[in-house]
1. Taking 7 Å along the Cα-to-C-beta vector as the label spot, tell me the residue 93-residue 45 distance in nanometres, rounded to one decimal.
2. Work out the length of the dipole vector of segment 1-57 about its Cα centre, built from +1 on the beta-carbon of each Lys and Arg and -1 on the beta-carbon of each Asp and Glu, and round it to the nearest 20 debye.
3. Using the Karplus curve 6.51 cos²θ - 1.76 cosθ + 1.60 with θ = phi - 60°, what ³J(HN,Hα) values do you get for each residue of segment 83-95, in whole Hz, with x for Gly and Pro?
4. Taking a virtual spin label 7 Å from the Cα of residue 33 along the C-beta vector, which residues in segment 47-66 bring their backbone nitrogen under 12 Å of it?
5. Leaving ligands, DNA and RNA out of it, report the carbon-plus-sulfur percent of the accessible area of segment 14-86 at a 1.4 Å probe.
6. At 1.4 Å probe size, with every protein chain present, just tell me what the per residue accessible area of segment 1-65 comes to in Å².
7. Sort 79-87, 23-31, 8-16 by packing, meaning the average of other beta carbons within 10 Å per residue, with the highest value first.
8. For segment 17-85, what is Rg from Cα atoms divided by 2.2 N^0.38 Å, rounded to two decimals?
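The values are calculated or read from the model by the stated rules, or taken from the named source; none is laboratory data. Note that the structure is predicted; figures quoted are calculated from it, not measured. Counting neighbours? That spans all protein chains shown, and the Cβs are built from the backbone with ideal geometry, glycine included. For the accessible areas, the whole protein counts, side chains as well, though only heavy atoms, and no ligand, DNA or RNA atoms are used. Shrake-Rupley method; radii C 1.70, N 1.55, O 1.52, S 1.80 Å.
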Amino acid sequence: MSHPTATTWWVEVFLGASDGIATAHAKLHNHEHTNVGTTGEARVDSQDPDVLGVGYELATARALMALAQQLLESAAGDIGGSTGESVPAADFLPGPRPAPDTTQRHQDAATWWSAF
């Protein structure tokens, strides 16, 4: 019987703007270390002061999307390391899957991990 476990990971987003570019730096932390960080940018029209908030939204969304991609690639690499087979990060994206051109073992690994 497995025992439940819990942990906390958190994302810190640092925002700034300079020369018409809004920038978001996203860092993923856990209790052991910070090992993943990404940046997103968006152009801001200096003629419209209300646009800075939108620029921050876009920059943050882009940074978080890049962070998600890094996590998927890291997980795929970790799974490949434990199974000895190459597993594409795209196998773990939500939504419809492309027609499989990998072995059944890859599909089984992707299905098993996508359940979490």
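1. Placing both labels 7 Å beyond Cα along the Cβ direction yields 3.1 nm.
2. On the way: 2 positive and 8 negative charges, 61 e Å.
The dipole of segment 1-57 has a size of about 300 debye.
3. Using θ = phi - 60°, the values come out as 9, x, 10, 6, 10, x, 4, 4, 5, 9, 6, x, x Hz.
4. Zone members listed by number: none at all.
5. Details: 2350 of 4530 Å².
That share works out to 52 percent.
6. Details: 4820 Å² over 65 residues.
That works out to 74 Å² for each residue.
7. Values: 79-87: 13.7, 23-31: 17.1, 8-16: 12.1.
In descending order of packing, they fall as 23-31, 79-87, 8-16.
8. Numbers: Rg = 16.1 Å, N = 69, 2.2 N^0.38 = 11.0 Å.
That ratio works out to 1.46.
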